[in-house]
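Data first, discussion second: the structure below is written as structure tokens.
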Amino acid sequence: MKHIAVIGAGSIGRRHISNLHLLHPDAQLYWLGATGAIAEAERDADILYPAHPDELLSIQLDYCIVASPASSHLHFMRALLAKHIPVLVEKPLAANLADGQQMQQLCLAKPQTPVAVAYCLRFLPALQLLKTTLQNSDLGKVLHINCQVAQYLPDWRPGKDYRQSVSARAELGGGVLLELSHELDYLHYLFGPLHLHYSQLKHSDLLEIDVEDQADLLMSTQSGATVSLHQDFLQKTVQRRCIISTTVARLEWDLVQNSIWLFTGSEQQLLFSEPAYQRNQMYLQMLTAFEQQIQQPGTTSATLATVDDALCTLALIEQAKQQASIGPITPQQQGS
């Protein structure tokens, strides 16, 4: 019988518990809240609820998913790796670069214990097709990549005060850069490490939160392509897309419509369209990939994000925060 644990009582922790039930109906599951007990209304008779981390660590676990606030990832990873327990840690890797670097050192000290980071968009069929198309098609040199992601934060978790969520609180690792870091990860996955040239972060004061609710980054790839990224918590119509322009063509990936279009001259071709795709499939495939890595010691998944991958993203975010032009733009600034 498998013994698998999830740490974290938020929406992503609940999703992982549900998916583990689907994948392993006969497994013994353990669910621990990161900052307290799981509410009685959330409990299931088939799941055990350790009272504290020490009780969880006394169990011979096959692996553990850390889905707590990013600010606590280092604490839990240190304890789990000390017991040689494989860890799938939710994104972002940590709330700051220093914690992320410590996590990297922990992993280097335990090379036989698998660790991966849950950047689940890597498992979207559309992204896999996009990667294959870029690698195998004669599309010329990539010139420019434009990415946009926007969703109104109060709509993320209906029935809960968004101002108390991880996304909205700096001390827990909130803000658009960390919360919407999927874009930085998939750009790294497609094009390799990115170089930051400019960043602008804004606090609009529209949401009553203490983190940046808008970010604009200008970067470049190692091959010299320009990358622009916009992120925000403010737009009430969900937007998530990536446009890749080359010397020969243009690829437009719409993550909301789940489609990819290829434009070449006056012609256009629909490369991918699956609007009815069940997004939970990418989470299930991610768990399966991590379990395969555990079952085959010494191997790594070609798709799963590594700690090194996630640390590159975290370093870029830290740099963006340090170098950023910060604050709301006033009408006087706009006209100057």
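When only the Cβ of Lys, Arg, Asp and Glu is charged (+1, +1, -1, -1), the dipole of the chain relative to its Cα centre reaches about 360 debye. The residues neighbouring residue 194, those whose beta-carbon lies less than 14 Å from its own, together hold a net charge of -4 under the Lys/Arg +1, Asp/Glu -1 convention.
Shape class for region 198-247, computed from the alpha carbon gyration tensor (a ≥ b ≥ c): oblate, with a/c not under 1.5 and a/b at or below b/c. How far is the Cα center of region 276-309 from the Cα center of region 96-132, in Å? Rounded to whole Å, the Cα centres lie 10 Å apart. Ordering 223, 313, 37 by the projection of their Cα atoms onto the charge dipole of the chain, which places +1 on the Cβ of Lys and Arg and -1 on the Cβ of Asp and Glu, puts 223 at the extreme positive end. Under 19 Å of direct C-alpha separation, and excluding same-chain neighbours fewer than eight residues apart, residue 236 reaches these lysines: 160, 202.
Whole number in Å², please: accessible area per residue of the chain, 1.4 Å probe, ligands, DNA and RNA not counted. With all protein chains present, the chain gives 46 Å² per residue. In this calculation the C-beta distance from residue 2 to residue 132 is compared with R0 = 35 Å, giving a FRET efficiency of 0.60. Which parts of region 177-194 would a label at residue 220 reach, counting a residue when its backbone N lies under 18 Å from a point 7 Å out along Cα-to-Cβ? In region 177-194, the label zone of residue 220 (backbone N under 18 Å from the point 7 Å along Cα→Cβ) covers 188, 191-194.
If I compute solvent accessible area with a 1.4 Å probe over the protein chains, what percent of it on region 1-120 is carbon and sulfur? Spell out each step's value before the answer.
On the way: 2660 of 5220 Å².
So the carbon and sulfur contribution to the accessible surface is 51 percent.
List residues of region 270-297, by number, whose backbone nitrogen lies under 15 Å from a label position 7 Å along Cα→C-beta of residue 11. Flagged as within label range: 279-280. Comparing 260, 71, 174 along the charge dipole axis of the chain, the residue lying farthest to the positive side is 260, per the Cβ-charge model.
Between residue 236 and residue 315, the modelled labels are 4.2 nm apart [label points 7 Å from Cα along Cα→Cβ]. Take the Cα of residue 247, step 7 Å toward its Cβ, do the same at residue 55, and the gap between the two points is 6.4 nm.
For region 165-250, applying the loop criterion from DSSP together with a ceiling of 11 other beta carbons within 10 Å to the trypsin sites (Lys or Arg not before Pro) yields 236. Placing dummy labels 7 Å off each Cα toward the beta-carbon, the span from residue 198 to residue 303 is 3.7 nm. Within straight-line reach of residue 131, meaning a Cα separation under 27 Å, sit the following lysines at least 8 residues removed in sequence or on another chain: 91, 141. When the Kirkwood radius is taken over all Cα pairs of the chain, what Stokes-Einstein diffusion coefficient follows at 37 °C and 0.692 mPa s, in µm²/s? This corresponds to a translational diffusion coefficient of 156 µm²/s. Using only Cα atoms and rounding to the nearest 10 degrees, what angle (0 to 90) does helix 280-295 make with the longest principal axis of the chain? For helix 280-295, the angle is close to 60 degrees. Only DSSP H runs of four or more residues enter the estimate; each adds -39500 (n - 2.57), and after division by the residues of the chain the mean residue ellipticity at 222 nm equals -9500 deg cm²/dmol. Projection of the Cα convex hull of region 235-324, averaged over all directions and equal to a quarter of that hull's surface, yields 9.7 nm².
Shape descriptor for region 56-193: Rg over Rh equals 1.02 (Cα atoms; Rh from the Kirkwood inverse mean 1/r).
Multiplying the residue separation of residue 294 and residue 83 by 0.36 nm and removing their Cα-Cα distance gives an extension gain of 74.5 nm.
Which lysines does residue 110 reach when only Cα atoms under 20 Å apart count, and residues fewer than 8 places away in its own chain are ignored? Answer for residue 110, where 20 Å is the Cα cut-off: 83, listed by chain and number.
Of the chymotrypsin sites (Phe, Trp or Tyr not before Pro) in region 264-295, which ones lie in a loop per DSSP and count no more than 14 other C-beta atoms within 10 Å? Present the calculation step by step, with values, prior to reporting the outcome.
Details: sites: 272, 277, 283, 290; in loops: 277.
The qualifying sites are 277.
Here's the picture: a label point sits 7 Å out from the Cα of residue 144 along the beta-carbon direction, and within region 245-264 the residues with their amide nitrogen under 20 Å of it are 245-255, 261-264.
The values are calculated or read from the model by the stated rules, or taken from the named source; none is laboratory data. Predicted, not measured: the structure shown is a model, and the values here were computed from it. Note that each Cβ is placed from the backbone with ideal geometry, even for glycine, and that neighbours are counted across all protein chains shown. Note: accessible area is taken over every heavy atom of the protein model, side chains too, but ligands, DNA and RNA are not part of it. Shrake-Rupley method; radii C 1.70, N 1.55, O 1.52, S 1.80 Å.
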